[in-house]
Amino acid sequence: MTVGAFEEDICTPIKVSPPPDVGGDSATDGEELFVPPLNFAMVDDGVFRSGFPYSANFSFLRSLGLRSIIYLCPEPYPETNNEFLKVNGIRLFQFNIERCKV
């Protein structure tokens, strides 16, 4: 399999707006809000892929019962995310993939 030349960065951080404030909505009072990470999808039974997860996504990720996360960026994994992994017994595998240079 050949990967064509990429002109954009493979791992570029994006700005994500914070989730809307849902306080006071009687339909969700007492219920946990599950927000999947950007571009989340099931690849196969028990295998998922997504964009970078943020703290707003932690409840959703916890509900999946993940055992491992594969992180493909060369930047260090954020401490907040590392703490989430530690508390939930999730292993992190980091592969420092640099962007393609032509």
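Quick notes on this one:
- Extension gain, L66 to L92: 0.36 nm times the residue separation minus the Cα-Cα distance gives 8.3 nm.
- More than 14 angstrom apart: percent of Cα pairs within the stretch 41-94: 53 percent
Rule-based calculations on the coordinates, nothing more; no lab input. Being a predicted model, the structure only gives us computed values, none of them experimental.
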